[in-house]
Amino acid sequence: MTNGNGWTGPVLVTGTDTEVGKTVVTAAIAAAAQAAGLRVAVVKPGQTGTATGDPGDVDSVTRLAAPLTGRTLASYPDPLAPLAAARVAELEPLELYTAVDAIREEADKHDLVLVEGAGGLLVPMGLRPSGEPWTVADLAVSLGAPAVVVARAGLGTLNHTALTLEALERRAIPAGVVIGAWPAEPELVHWLNLSDLVPNLLGAVPMGAGGMDPGVFRRSAPGWLTPALYGVLDDWRAWAEEIS
């Protein structure tokens, strides 16, 4: 849904792959939406790799953007897809409708609920009541939620992004793209990819943004995103040249 300006309710944040910048993009959207006066929650259905003791993704988003609510539904020690991590650790996998109910509960109390997936769109997240695996795409369908696809800037991104958008379109899930890490010194391939992605582009976050001072991050985030995600960005080339 939209409130006449940007997306509201549950919004899925997925990626073309792992390590593409989903967490920092989630934080940027949260920061921009809060600057616009929205009550924002961030939900991570399945966090993996917790055996290292490092902060989880919700902890990182909270540090950068300080959303009203941050919530992780299930955590597993091994750095694997959530369903595989649950099996290896002999822990209960997350059930689809448990996740749906938890996200709807937050949507009743917030204007925007950002739901950060794990890896790409079709990574197995947990199990349905029938025992079949479910994915972030299934979660989006169950929630009736749009999706933000976080993509790389470099070589290979056009194919991966097109495949992800096609999978979303087949499920009638509205979607847009955010570049997760725009390089400080873009090369020709980055400029060409930017031009090709513009019709679906909702934003682009500069490389290294996750290491910014949180106050600087929050003030900067609206400039990385279009109005659909509560930003002010409307000139891609001027933006990219400014931060390069």
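What follows draws every value from the coordinates through simple rules; no lab data is involved. Everything numeric here is computed off the predicted structure, so don't read it as measured data. When we count neighbours, we look across all protein chains shown, and the Cβ atoms used for this are built from the backbone with ideal geometry, even at glycine.
For the range 1-85, what percent of Cα pairs sit more than 17 Å apart?
49
How would you rank 50-63, 165-178, highest first, on the average number of other Cβ atoms within 10 Å across their residues?
165-178, 50-63
Using a 7 Å offset from the Cα along the Cα-to-Cβ direction at both residue 130 and residue 155, what is the distance between the two label points in nm, to one decimal?
4.2
Using only Cα atoms, what is the ratio of the radius of gyration of the range 179-244 to 2.2 N^0.38 Å?
1.06
Nothing charged except the Cβ atoms of Lys and Arg (+1) and of Asp and Glu (-1): what's the magnitude of the dipole of the chain about its Cα centre? Round to the nearest 20 debye.
Dipole magnitude for the chain comes out near 360 debye.
Suppose we look only past 23 Å in the calculated P(r) of the range 43-145. What percent of the Cα-Cα pairs does that tail hold?
23
Please state the relative contact order of the chain as a whole percent: Cα pairs under 8 Å, 6+ residues apart?
Relative contact order comes out at 25 percent.
How many percent of Cα pairs in the range 154-195 exceed 16 Å?
Cα-Cα pairs of the range 154-195 separated by over 16 Å account for 40 percent.
Across all directions of projection, what mean area in square nanometres is found for the Cα convex hull of the chain?
Result: 12.2 nm².
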